[in-house]
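Written out below as structure tokens is the structure these notes cover.
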Amino acid sequence: MIATRWIPASNPFTSPWNLLGLPVLLGGIVLNLTNAVRFAREQTNIVTFGDPTLLLTNGWFARTRNPMYVGFALMLIGTAVLVGTLAAWLGPIAFIAVSNWWYIPFEEGRLAATFGDDYDNYRRRVRRWL
């Protein structure tokens, strides 16, 4: 039925393929937990609108400037695959759009103002997402 493509029926896991979302979801959780621990260990700010106190450029930050946003996106994508409906994809699409065009530019401006050339050099070396 066409409606179940948009809104899940009583059992959203309509296909074994939906289970492919589980490792994606878990990967996002692990990515965010490891980076949250890293922020705590480094005693630096993790809050989006707080002042940046340390420029992290190694570990996951050597692969992407925004591993926390990548982790959240993976969690949402994994959930959308698990649910298996088109409506479930509205969350990841909205999150990625808002992050890419609002949250991340805000943070990049703060980082550039705080760390100057160090951040500019880092931004040239490492991609925003992946």
When every residue in segment 42-51 that is closer than 22 Å to I96 by Cβ and either part of a helix (DSSP H, G or I) or touching a residue at least 24 places away in the same chain (Cβ under 8 Å) (or both) is compared, the one nearest to the chain's Cα centre (by Cα) is T48
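Out of all the residues in segment 91-124, which are more than 15 Å from the chain's Cα centre (by Cα) and of a type in the set (A, V, I, L, M)?
L111, A112, A113
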Residues satisfying the stated conditions in segment 61-93, i.e. of a type in the set (G, A, S) and either assigned to a helix (DSSP H, G or I) or touching a Cys at 6+ places or on another chain (Cβ under 7 Å) (or both): A62, G71, A73, G78, A80, A87, A88, G91
Quick one: would you say I29 is touching a residue at least 40 places away in the same chain (Cβ under 8 Å), farther than 14 Å from W129 by Cβ and either aliphatic (A, V, I, L, M) or loosely packed, with under 12 Cβ neighbours inside 10 Å (or both)? yes
Looking only at segment 1-40, filter to residues that are aromatic (F, W, Y) and modelled with pLDDT of 60 or more; which one of those is farthest from P67 (Cα to Cα)? W6
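The values are calculated or read from the model by the stated rules, or taken from the named source; none is laboratory data. Predicted model, so just to flag it, every value in this text is computed and none were measured. Ideal geometry is used to build each Cβ from the backbone, glycine not excepted, and the neighbour counts take in all protein chains shown.
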